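Have a look at the structure below, then the notes.
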Amino acid sequence: MMIKYPKPRPWMLKKEILILYYALRDKRTSVVARLPAILSVIYLLSPVDLIPDFIPFFGYLDDIIIVPLLLNLAIRLLPSEVREESIQKAVRNKRKFQIVFILFILGMLTLLAGIFLLIRHLFFGH
């Protein structure tokens, strides 16, 4: 059964990431299809931007446009069978990833609170 992939929308970024997660783990995915996904992660994490982030509004505009376009391109370059299977896996496991993401955020907040309390104790005493 072929699932028609809808036109990309900004609110679909989480779904695209899940689809690419499964697709990039598949051995049938070519290097050409993997490259835009890898480049989007590198661009997002890289300190080098087309427009520097310290420029208000416009600094983040390139991130908001380039990364989703690269992710969408990566999905469109996937072999159709891999894309369909990845979409189905993403739909089936969406709830599991939401729980993992929430637990990750809670863990990071706990870690940051612990670091804050440790620094406060070390530098400002009791």
(message) From the helices alone, meaning DSSP H stretches of at least four residues, give me the mean residue ellipticity at 222 nm for the chain, per-run term -39500 (n - 2.57), in deg cm²/dmol to the nearest 500.
(response) -25000 deg cm²/dmol
(message) I'd like the accessible area for Phe58: 1.4 Å probe, protein heavy atoms, all chains in place, Å² to the nearest 10.
(response) 110
(request) Among Pro56, Leu24, Leu118, pick out the residue whose Cα is farthest towards the positive end of the charge dipole of the chain, where Lys and Arg carry +1 and Asp and Glu carry -1 on C-beta, about the Cα centre. (result) Leu24
(message) With a 10 Å cut-off between alpha carbons and a GNM built on the chain, which of Leu77, Leu109, Leu35 moves the most?
(response) Leu109
(request) Would you look at the GNM of the chain, springs on alpha carbons closer than 10 Å, and say which of Lys27, Lys94, Lys14 moves the most? (result) Lys27
(request) Once you've got the GNM for the chain with C-alpha springs shorter than 10 Å, pick whichever of Asp26, Asp63, Asp49 has the biggest mean-square fluctuation. (result) Asp49
(request) Once you have a ≥ b ≥ c as the square roots of the Cα gyration tensor eigenvalues for segment 68-126, tell me rounded if a/c is under 1.5, and otherwise prolate or oblate according to whether a/b is larger than b/c. (result) prolate
(message) Test of understanding: what is the full-extension gain from Ile55 to Val32, defined as 0.36 nm times their sequence separation minus their Cα-Cα distance?
(response) 5.0 nm
(request) On a 0 to 90° scale, report how tilted helix 13-25 is relative to the longest principal axis of the chain, with both axes built from alpha carbons and the result rounded to the nearest 10. (result) 70
(message) Taking each pair of distinct Cα atoms in the chain once, what is the resulting Kirkwood hydrodynamic radius in Å?
(response) 17.0
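The values are calculated or read from the model by the stated rules, or taken from the named source; none is laboratory data. Quick caveat, the model's predicted, so the values are computed rather than measured. Every residue, glycine as well, gets a Cβ built from its backbone with ideal geometry; the counts of neighbours run over all protein chains shown. Ligands, DNA and RNA are excluded from the accessible area calculation, which covers all protein heavy atoms including side chains. Shrake-Rupley method; radii C 1.70, N 1.55, O 1.52, S 1.80 Å.
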